[in-house]
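Okay, structure first, notes after.
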Amino acid sequence: MTKSVIKLDHIELTLGTGASAVHVLKGISLDIDTGQSVGIVGPSGSGKSTLLMVLAGLEHVDSGSVQISGTRLETLSEDATAAFRGQNIGIVFQSFHLIPNMTALENVAVPLELAGNSDAFAIAERMLAAVGLADRVTHYPGELSGGEQQRVAIARALAPSPKILIADEPTGNLDTATGRQIADLLFEKQRELGITLVLVTHDTSLAGRCDREIRVRSGLIESDEGAPALAKTA
């Protein structure tokens with residue numbers, strides 16, 4: 001039997017104050033099973049990226065419960081949330097967020113070093129090889145193509161062996177062919193490692209490759225189309 005790894009219960013979140021306040025998430029409840037791939041789609045301003053940040057513990061909710069692997073994030077301090085995220089959640093951003101004065105190897109090793117892992121560089125080197133960058137470990141971000149930089153970002157997110165991989169528009173800054181390669185890599189690693197993948201995308205074809213497609217509009221879940229993993233083609 002599958003087990004829920006992400007559970008949101010009546011999430012409410014308003015950003016800003018006074019006249020500029022925006023009610024971004026409006027009572028969202030959601031369960032995501034271990035090992036499932038989920039695509040979140042919706043128009044700009046619908047709240048989908050904010051929802052992703054809530055799942056990552058990067059946005060604190062006003063009310064409701066955010067449970068990740070049975071841990072309620074709203075009960076944790078900032079430091080405890082950061083530590084929990086480092087152990088359980090890998091994040092890939094649209095704009096890569098690599099450190100420009102660090103090599104690919106150093107970028108991937110950073111979260112491992114922060115966690116006190118003595119094998120940080122050995123693990124980082126293996127992860128770079130796993131995403132097809134064995135010959136780019138000493139290159140700096142400025143010496144890499146956009147697709148290569150995103151591969152480094154994926155290797156960095158996967159290096160601590162997270163239970164969940166979160167991706168916010170992971171192909172948004174890439175051309176169509178490169179974006180397809182990055183999507184292939186994400187789904188390959190998700191299946192290989194048995195992790196849960198949650199991604200936000202404007203690309204409906206990318207969302208359609210997921211086991212489940214959730215459409216968000218005006219801070220509400222408009223539709224939630226799930227299907228058995230075996231019925232999807234990668």
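Once the Cα atoms of helix 104-114 and of the chain are each reduced to a long axis, what angle between those two axes, in degrees from 0 to 90 to the nearest 10, is obtained?
Helix 104-114 sits roughly 60 degrees off the main axis of the chain.
With the Cα gyration tensor of segment 119-234 in hand, give its eigenvalues times 5 under a square root as the equivalent ellipsoid semi-axes, listed largest first in whole angstrom. Could you put the intermediate results ahead of the total?
Numbers: eigenvalues 148, 52, 32 Å².
After scaling each eigenvalue by five and taking roots: 27, 16, 13 Å.
I'd like the GluC sites (Glu not before Pro) in segment 62-107 restricted to DSSP loop residues with at most 13 other Cβ atoms within 10 Å, sorted by number. Walk me through the numbers on the way to the answer.
Details: sites: E74, E78, E106; in loops: none.
Listed in order of number, the matching sites amount to none.
If amide H atoms are built 1.01 Å from N in the plane of the peptide, which residues on other chains or at least 5 residues away come under 5 Å of the amide H of V92?
Residues meeting the criterion, in which the H sits 1.01 Å from N, are I166, A167, D168.
Can you run phi through the Karplus equation (6.51, -1.76, 1.60; θ = phi - 60°) for segment 212-222 and list ³J(HN,Hα) in whole Hz, with x for Gly and Pro?
8, 10, 10, 9, 10, 9, 6, x, 10, 7, 7
Out of the DSSP beta bridges found with both residues in the chain, what percent are antiparallel (nearest 5)? Intermediate values should be presented prior to the final figure.
Working: 22 of 39 bridges.
Around 55 percent antiparallel, to the nearest 5.
With viscosity set to 1.306 mPa s and temperature to 10 °C, compute the Stokes-Einstein D of segment 134-187, Rh being the Kirkwood radius across alpha carbon pairs; µm²/s, no decimals.
Working: Rh = 11.9 Å.
Calculated translational D: 134 µm²/s.
In degrees, nearest 10, range 0 to 90: what is the angle between the Cα axis of helix 78-88 and the longest Cα principal axis of the chain?
60 degrees
If R₀ is 25 angstrom, what is the calculated FRET efficiency for the pair S223 and A82, using the beta carbon separation as r and rounding to 0.05?
0.15
Given a Förster radius of 41 Å and the C-beta distance between T75 and F121 as r, what FRET efficiency does 1/(1 + (r/R0)^6) yield to the nearest 0.05? Each step should come with its number before you reach the end.
Values: r = 35 Å, r/R0 = 0.85.
It comes to 0.75.
Just in segment 1-74: which trypsin sites (Lys or Arg not before Pro) are loop by DSSP and have at most 10 other Cβ atoms within 10 Å? Intermediate results must be reported in sequence, preceding the final value.
Details: sites: K3, K7, K26, K48, R72; in loops: K3.
For trypsin sites (Lys or Arg not before Pro) across segment 1-74 that sit outside H, G, I, E and B with at most 10 neighbouring Cβ atoms in 10 Å, the list reads K3.
With axes computed from alpha carbons, what is the tilt in degrees of helix 146-158 against the longest principal axis of the chain, rounded to the nearest 10 within 0 to 90?
Around 70 degrees separate the two axes.
Would you mind telling me the share, in percent, of accessible area of segment 76-220 contributed by carbon and sulfur at probe 1.4 angstrom? Could you put the intermediate results ahead of the total?
Values: 3170 of 6380 Å².
Here carbon and sulfur together make up 50 percent of the probe-accessible area.
Would you mind getting the accessible area per residue of the chain, heavy atoms of the protein chains only, 1.4 Å probe, in Å²?
Working: 10900 Å² over 234 residues.
In whole numbers, the chain has 47 Å² accessible per residue.
Given Cα pairs under 8 Å that are at least 6 residues apart, what percent is the relative contact order of the chain?
Values: 464 pairs, mean separation 63.6, N = 234.
After rounding, I find 27 percent.
With a sphere of radius 13 Å drawn around the Cβ of P100, what net charge do the other residues whose Cβ falls strictly inside it have (Lys, Arg +1; Asp, Glu -1)? Could you put the intermediate results ahead of the total?
Details: positive: none; negative: E106, E143.
Residues near P100 contribute -2 overall.
What number comes out for the charge environment of A159, summing +1 per Lys or Arg and -1 per Asp or Glu over other residues with Cβ under 13 Å away?
On the way: positive: R126, R151, R156, K189; negative: E106, E113, D119, E125.
Residues close to A159 contribute a combined charge of 0.
Residue by residue through segment 180-188, what is 3J(HN,Hα) from phi via Karplus (6.51 cos²θ - 1.76 cosθ + 1.60, θ = phi - 60°)? Round to whole Hz and write x for glycine and proline.
Ordered by residue, 3J(HN,Hα) equals 5, 5, 5, 4, 4, 5, 4, 5, 4 Hz.
The values are calculated or read from the model by the stated rules, or taken from the named source; none is laboratory data. Just so we're clear, the structure is a prediction, and the values are computed from it rather than from any experiment. For neighbour counting, all protein chains shown are included, and Cβ atoms are generated from backbone atoms with ideal geometry for every residue, glycine included. All accessible areas refer to the heavy atoms of the entire protein, side chains included, with ligands and DNA or RNA removed. Shrake-Rupley method; radii C 1.70, N 1.55, O 1.52, S 1.80 Å.
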